[in-house]
Amino acid sequence: MYLTKKEEKILDGESGEIKAKAMRILVTLGDIFNADKLIKIDSTQIAGVSYKTIGDAGLDFLEDWAKENVQVVVESWMNPAGMDLDEWNKLGFPADFAKKQVRIIKALTSMGIKQSCTCTPYHNGLIPNMGSHIAWSESSAVIFANSVLGAMTNREGGPSALSAALIGKTPNYGLHLDENRVGQIQFNINIELTNFDFTLLGYHIGELSNNKIPVITGVNEASWAQLKALGAGAAASGGVAMFIIPNITQESRIIDNPEVFEVSREDLIKIQEKLTIGSEPEIIAFGCPHCSLEEINEIIQNIKTEKKVWIFTSKQIKNKFQNLPHNISIFADTCMVVAPLEEMGIGCLATDSSKAAHYTQNLSKIKSILKSREDLLSGN
Ligand code: F3S
């Protein structure tokens, strides 16, 4: 990969050991994927923030990188952490966990990364421009940015997004290149979609697409909430980083003669059945990906169940709600997947998110029941 004189100097250590390490990560990635050069980015979104997912090795890594006082050079936001950073004690998070989590946040903020702790930065003001290059790493944020916002990002890992944040650049390959932003596999939707169907459809499409770009036909309108649910599902069951819905997403090119799948009601029912293991949830969990302000208002207006409802969102949005119904708690900075729910006594949860059901079962070993938001709120 071609490097400018300035980039070569950083690689040689003239800006310190940590920036050299960051540059080495970017150059290695660029060489693996045949990038021609590094390109400037506008923002990063950095995953690998929860102590639950990165453990002591990740904590050591971040404290090592923070020790040289390096600073990010572009707008950089954090993905959710493992707990509500203000109310962890009141909400029952374990104290040992909290100590390590606080050290991770301290290391990241000392490098200039915003303590945003959300996977939906676009609900909180970080909305990249159409056609701009970014380096985001949480998979649902990546697929939303590429598809709905028309920004250009690969699915970065935590270390590569952090490296991009410190250098302000990323290798020019994959979805940074126009010619790769083309649909490769087609799904025809032959049914009317409900709100809940979008998360099921995303998961179904992700399983069949793997890391191809799916094109979805037969969908005439979709809200941000629905597209968010669809993308999160597809990115959880497959390696999908972008989807196309003609007349809805920003781009809509497709290769000649793609493989075509017809999607039926039975396909979606099968996903719901597959992701439902368990019968007696201790909590109902909403907010994977994080809820918007409008979604939380809707939940509050429509709640009829007496079960405990936990909503996950950003602090910025949580702070807008006071006087909640007695059985609703709002958690900021974290989510049902990256928080240590198993250590907090949760053995089974109910959710409306295929991604949450997938990861609570596979990562946390918590049983989950997948149902529509309407059914969960009405106690069905
Ligand atoms: Fe976001 Fe956590 Fe789901 S990071 S997409 S709420 S797994």
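Key figures
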| read-out | value |
| --- | --- |
| Failed condition for Leu38, given (1) in contact (Cβ under 8 Å) with a residue 24 or more places away in the chain; (2) within 25 Å of Val338 (Cβ to Cβ) | (2) |
| Residue in the stretch 201-221 that is surrounded by fewer than 20 Cβ atoms within 10 Å (Cβ to Cβ) and of a type in the set (Ser, Thr, Tyr) present | yes |
| Residue count, the stretch 190-232 (criterion: within 16 Å of the ligand (Cβ to nearest atom) and polar (S, T, N, Q)) | 2 |
| Any hit, the stretch 85-95, residues being closer than 19 Å to Glu138 by Cα and either out of contact with any Leu (no Cβ under 7 Å at 6 or more places or on another chain) or of a type in the set (Ser, Thr, Tyr) (or both) | no |
| Filter result (within 14 Å of the ligand (Cβ to nearest atom) and of a type in the set (Val, Ile, Thr)) within the stretch 305-342 | Ile311, Thr313, Ile317, Ile330, Thr334, Val337, Val338 |
| Restricting the stretch 358-380 to residues that are of a type in the set (Gly, Ala, Ser) and surrounded by fewer than 18 Cβ atoms within 10 Å (Cβ to Cβ), the residue that is modelled with the lowest pLDDT | Gly379 |
| Residue in the stretch 131-142 that is free of Cβ contacts under 8 Å to residues at least 24 places away in the same chain, outside any strand (DSSP E or B) and in contact with a helix residue (DSSP H, G or I) (Cβ under 8 Å, 6 or more places away or on another chain) present | no |
| Any chance Ala81 is under 24 Å from Ile330 (Cα atoms) and in contact with a Cys (Cβ under 7 Å, 6 or more places away or on another chain) | yes |
| Sole residue being at pLDDT 95 or above, assigned to a loop (DSSP other than H, G, I, E, B) and within 18 Å of Ser354 (Cα to Cα), chosen from Val219, Val240 | Val240 |
| Members of the stretch 269-295 found to be buried (at least 22 other Cβ atoms within 10 Å of the Cβ) and of a type in the set (A, V, I, L, M, F, W, C), listed by number | Ile271, Leu275, Ile284, Ala285, Phe286, Cys288, Cys291 |
| Every residue from the stretch 61-86 that is assigned to a loop (DSSP other than H, G, I, E, B), surrounded by fewer than 18 Cβ atoms within 10 Å (Cβ to Cβ) and not hydrophobic (A, V, I, L, M, F, W, C) | Lys67, Glu68, Asn69, Gln71, Asp86 |
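The values are calculated or read from the model by the stated rules, or taken from the named source; none is laboratory data. Note that the structure is predicted; figures quoted are calculated from it, not measured. Ideal geometry is used to build each Cβ from the backbone, glycine not excepted, and the neighbour counts take in all protein chains shown.
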